[in-house]
Ligand SMILES: Cc1ncc(C[n+]2csc(CCOP(=O)(O)OP(=O)(O)O)c2C)c(N)n1
Ligand code: SF4
Ligand code: SF4
Ligand code: SF4
């Protein structure tokens with residue numbers, strides 16, 4: 001028979017090394033704060049069900065923003081109110097993981113009210129722990145949507161009134177009115193009995209997720225001795241006598257036993273499915289017969305910038321289309337003003353044979369500037385030894401930098417000679433391909449027909465590309 | 001009268017003196033001290049006898065590692081495995097208030113709140 005000991009759960013770190021300062025043995029919570037009790041109940045359940053290692057804990061903004069100091073699990077800290085959105089992403093990408101969205105009442109019911117409604121409505125297979133302490137704890141005791149009528153906070157110094165602030169929002173009731181959630185309960189942590197009931201609810205919420213039952217929501221009435229200006233025992237008493245009178249405890253919905261487990265793999269973007277989604281399976285392209293030797297280490301960060309309508313964003317997309325067919329990792333993100341045409345636009349493209357962390361390009365290895373404001377704006381950002389390719393038909397100044405490769409191209413002039421100024425971006429694509437070691441001209445010429453499906457369009461674009469390619473090769477010689 | 005078969009050990013440095021365990025203990029065997037720990041809190045302490053091992057204080061306490069409850073001390077003390085010699089041993093309480101015991105095999109002091117570093121026979 002094994003020895004029964006109740007003590008610090010192995011789902012917590014031994015020492016809280018992520019916590020700054022000298023005190024790494026205690027949590028950062030105030031004495032008597034309910035967050036700690038709930039953390040313990042969650043940790044115990046994760047360990048008992050053998051899923052601690054496989055869990056992802058999403059910390060909110062609020063006093064529990066630092067929950068990742070403590071849980072020996074996967075941890076993500078989400079923007080205020082967005083924990084359900086982050087949890088959605090994690091759960092969909094990793095359906096086997098146990099995902100916990102842990103949120104306070106300011107976080108969940110105020111700024112994140114929209115996020116939680118839609119995550120619940122979609123029936124995301126996650127477990128939400130909603131800590132209702134009727135106040136904003138972290139920021140110093142402001143009114144929360146759950147603050148009681150008459151309750152004094154720093155922003156309701158005379159007490160919350162119906163006329164000014166409306167009724168406290170009862171989230172468990174609201175969530176339970178949606179179709180998708182499988183389990184909604186409100187518990188409190190105010191004495192031995194209620195903590196035991198909370199413990200059961202926590203376990204049920206996590207077990208539901210293990211059994212792939214869908215969205216579970218556990219609202220926990222929890223002490224905030226600091227915000228309430230009470231001792232810890234008084235705070236528990238106030239939950240019993242007052243808070244729970246306004247937020248009735250109980251199971252609001254439980255259909256977990258009646259629903260079939262979800263098939264969470266159904267819509268998973270597996271490596272096998274992605275090429276199909278991107279249309280890559282139809283090209284049937286194999287580049288083993290490529291004439292060009294791609295550079296061994298490709299790590300290009302390209303910024304393309306110009307007026308809207310110059311094909312800035314398209315050029316970026318083509319680069320990523322080409323990169324994908326060269327088996328590179330690629331990313332593309334656009335950045336443009338609200339205007340459809342005429343405003344400035346730029347896009348960030350990364351091509352690499354390593355995985356890409358962030359799609360943002362702040363220090364381009366190559367800047368493609370298609371108008372003067374773009375050159376002036378981004379010239380400074382280019383890395384030393386990087387290249388600036390610029391349209392010398394439209395830009396009447398030279399780059400000032402001498403530590404970069406300066407490539408003026410009369411792209412608009414060339415495009416005009418071929419018959420359409422709007423294909424200047426294809427000329428620039430040709431130049432890029434000609435002078436670089438990561439854009440195989442043969443691959444480009446196979447990708448162009450996928451982009452320009454009409455024959456006459458394809459013809460002039462191939463011409464523009466060819467012209468650019470020649471120029472690009474000359475630069476290299 | 002409930003049977004005193006348990007043993008509670010407070011980790012003084014993890015305690016924040018919130019009093020929730022003191023209020024929760026059904027047999028009233030915990031109290032707050034008048035001293036301070038290094039973080040400036042007056043920690044809880046065991047009266048030294050009477051713990052039933054019910055575990056209520058463990059769940060009442062917000063700090064993950066402040067309270068350790070040996071639900072059945074007699075069983076635990078016999079199942080102890082010496083940390084230095086790695087042999088089956090036996091624990092004797094030397095200070096129940098401070099949660100200190102002694103290992104029979106090596107004679108060394110054992111801090112009972114440090115349970116994750118202790119081992120017991122299955
Ligand atoms: C976007 C944004 N808006 C506002 C804040 C400021 N802020 C930090 S915590 C908080 C309220 C947290 O209250 P609650 O969710 O009730 O958590 P508690 O601290 O009570 O646990 C606010 C408004 C922020 N960090 N980010
Ligand atoms: S302010 Fe309130 S919610 Fe925040 S740690 Fe302190 S007691 Fe807990
Ligand atoms: S285990 Fe039970 S009896 Fe022992 S100190 Fe804790 S609450 Fe009191
Ligand atoms: S409940 Fe925990 S933190 Fe509070 S006094 Fe007791 S042992 Fe200390």
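The values are calculated or read from the model by the stated rules, or taken from the named source; none is laboratory data. Here the structure is a predicted model, which is why all the values come from computation and not from measurement. Positions of Cβ are generated from backbone atoms using ideal geometry, with glycine treated the same way; all protein chains shown enter the neighbour counts.
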> Somewhere in the range B:95-112, is a residue within 11 Å of chain A (Cβ to nearest Cβ), at pLDDT 95 or above, surrounded by 18 or more Cβ atoms within 10 Å (Cβ to Cβ) and touching a strand residue (DSSP E or B) at 6+ places or on another chain (Cβ under 6 Å)?
Replying inline: yes
> So which of A:190, A:144 is within 14 Å of chain B (Cβ to nearest Cβ) and within 16 Å of ligand 2 (Cβ to nearest atom)?
Replying inline: A:190
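Here are A:74, A:81: which of them is on the phi > 0 side of the Ramachandran plot and away from ligand 4 (no atom under 16 Å from the Cβ)? Let's see the steps before the verdict.
Numbers: A:74 fails: on the phi > 0 side of the Ramachandran plot.
After applying the criteria, what remains is A:81.
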>> Which count do you get for residues in the range A:11-24 that are crowded, with 19+ Cβ neighbours inside 10 Å and either at the interface with chain B (Cβ under 7 Å from one of its Cβ atoms) or free of Cβ contacts under 8 Å to residues at least 60 places away in the same chain (or both)?
In response: 2
> Would you say residue A:258 is at pLDDT below 95, away from chain B (no Cβ under 14 Å), surrounded by fewer than 12 Cβ atoms within 10 Å (Cβ to Cβ) and farther than 29 Å from residue A:323 by Cβ?
Replying inline: no
>> Quick check on my filter: what residues within the range A:407-431 are outside any helix (DSSP H, G or I) and farther than 15 Å from residue A:458 by Cβ?
In response: A:407, A:408, A:409, A:410
>> Of everything in the range B:24-54, what is in contact (Cβ under 8 Å) with a residue 40 or more places away in the chain and within 16 Å of residue A:7 (Cβ to Cβ)? Give them in sequence order.
In response: B:46, B:51, B:53, B:54
> When the range A:210-242 is examined, which residues are found to be more than 21 Å from residue A:154 (Cβ to Cβ), assigned to a helix (DSSP H, G or I) and either away from chain B (no Cβ under 14 Å) or in contact with a strand residue (DSSP E or B) (Cβ under 7 Å, 6 or more places away or on another chain) (or both)?
Replying inline: A:210, A:241
> In the set A:190, A:144, which member is within 25 Å of residue A:30 (Cα to Cα), in contact (Cβ under 8 Å) with a residue 24 or more places away in the chain, touching a helix residue (DSSP H, G or I) at 6+ places or on another chain (Cβ under 9 Å) and within 16 Å of ligand 4 (Cβ to nearest atom)?
Replying inline: A:190
>> Quick check on my filter: what residues within the range B:1-24 are more than 9 Å from every other protein chain (Cβ to nearest Cβ) and within 14 Å of the chain's Cα centre (by Cα)?
In response: B:4, B:5, B:6, B:7, B:8, B:10, B:12, B:21
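Report those helices (runs of 4 or more DSSP H) wholly inside the range B:1-93 carrying at least 2 residues which are over 20 Å from residue A:12 (Cβ atoms), away from ligand 4 (no atom under 15 Å from the Cβ) and touching a strand residue (DSSP E or B) at 6+ places or on another chain (Cβ under 9 Å).
Numbers: elements: B:20-24, B:56-60, B:73-79.
Output list reads B:73-79.
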> Under the condition of being more than 7 Å from every other protein chain (Cβ to nearest Cβ) and assigned to a loop (DSSP other than H, G, I, E, B), which residue from the range A:25-49 is farthest from residue B:52 (Cα to Cα)?
Replying inline: A:28
> Restricting the search to the range A:78-118, which residues are within 16 Å of ligand 2 (Cβ to nearest atom) and surrounded by fewer than 24 Cβ atoms within 10 Å (Cβ to Cβ)?
Replying inline: A:80, A:109, A:110
